[in-house]
Amino acid sequence: MSRDGKNDVTRLDRRTLLRGGAAAALAAPLGVFGAQAFPFRAATPGIDFSEFPICRTASNAPALTGAPRKLKLSWNAGAVCLVPVPVAIDQGIFKKHNLDVELINYSGSTDQLLEAIATGKSDAGLGMALRWLKPLEQGFDVKIAAGTHGGCMRVLSRVNSGVDRLADLKGKIVAVGDLGGPDKNFFSIQLAKQGIDPNKDVDWRAYPGNLLQLAVEKGEVQAFLASDPIAHIWLKDSAYKEVASNLDGEYKDKTCCILGLRGSLVREEPQVARAITQALLDAAMYTAQNPDVAAPSFQPYAPKTASLQDLQAMVRYHTHHHHPVGEVLKRELKAYADDLKSVSVFKASTDTAKFAERIYVDVFGV
């Protein structure tokens, strides 16, 4: 089944559950279902909330009043999986939450980004969970408020490479953009779960983006890691295939990208912290339900080789319907921390439950 088909089945199953079991859902403890929170529904037309799980409702605090609150949001403008950010601007979602958001395209190190958020140079930022968790051990004053989607990372190979499944990477040379990157961490975790030592059994080699294609074509590597939009564009060439992605198995319903907020914003202006979080969740829901409308918002940031049809396909591929908050988010963060322990990124002595508790915040419960 195609990835789009899987997402459609997921949404259909959720609609069926809602129609057939609404009474049981309402009778159960609300925290059991907490995956999304919808505090200001009337403020965001164009979103069908019935398509998403009924769950714990957020604070009934009123929307922000007065002059629009100015905020700085850091993001990677080259990451198509962050399409809800420009969608929130184009569809007026930030404005509906009385926010005036300035986008900062950040391409520096994760440590520098987290420091920028912690020190107020930025108020919030979006990034990969498997990139952020290790630096967050250092104690940056940044709180994780929500997941935003899944489906950022893929393993690709040439069709004649002999690499047809993830386990085939054993004994192979694999190209990566960054030896400490989230994609290498993720697929190392998956290899470890199959009994393959990713540190000993795979030869990971870093290649700058402009040298990767040459290395693949010359046969210097048997597989490589890539994210959209680059991965999608490569896969349009019939000489390449997808070997694995972070939408396989148990990870198809887990977030890979997260929203971090300045700690002082959460403590001193909780209503503002809720508003920016909710605006991005609303934008993610709008994107999930309107992929063809959402995709053009990203076109100004996309490579010229990516057509509008390509962007629409990528938006459908990513799981913008999955954006956990609260206890669900905390469980996913703990699970990722446990995964990172399994490949020696986290120390074996790390208490992952305490770590997850420390770094996350339920902005709808404060």
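A few points about this structure:
- Residues within region 355-366 that are part of a loop (DSSP other than H, G, I, E, B) and open to solvent by 40 Å² or more (accessible area, probe 1.4 Å), tallied: 2
- Counting only helices (runs of 4 or more DSSP H) that sit completely within region 89-175, zero hold 2 or more residues that are of a type in the set (Ser, Thr, Tyr) and open to solvent by 60 Å² or more (accessible area, probe 1.4 Å).
- Taking the criterion of being open to solvent by 40 Å² or more (accessible area, probe 1.4 Å) and either of a type in the set (D, E, K, R) or modelled with pLDDT of 95 or more (or both), the residues of region 44-67 that qualify are 48, 56.
- Test result for residue 294, within 17 Å of the chain's Cα centre (by Cα) and of a type in the set (A, V, I, L, M, F, W, C): yes
- Test for residue 231: is it open to solvent by less than 10 Å² (accessible area, probe 1.4 Å), under 30 Å from residue 309 (Cα atoms) and free of Cβ contacts under 8 Å to residues at least 60 places away in the same chain: no
- Listed conditions (1) buried (at least 20 other Cβ atoms within 10 Å of the Cβ); (2) among the β-branched types (Val, Ile, Thr); (3) at pLDDT 95 or above are all met by residue 216, apart from (3).
- Pair list, Cβ under 7 Å, 6 or more apart: region 197-224 residue farther than 18 Å from residue 240 by Cα, other residue of a type outside the set (Gly, Ala, Ser) and assigned to a helix (DSSP H, G or I): 198/191; 202/169; 202/191; 204/184
The values are calculated or read from the model by the stated rules, or taken from the named source; none is laboratory data. On a predicted model such as this, the values are computed, not experimentally measured, just so you know. Using ideal geometry, Cβ is built from the backbone for each residue, glycine included, and neighbour counts are taken over all protein chains shown. The protein model used for the area step is the full one, side chains on, heavy atoms only, and it has no ligands, DNA or RNA in it. Shrake-Rupley method; radii C 1.70, N 1.55, O 1.52, S 1.80 Å.
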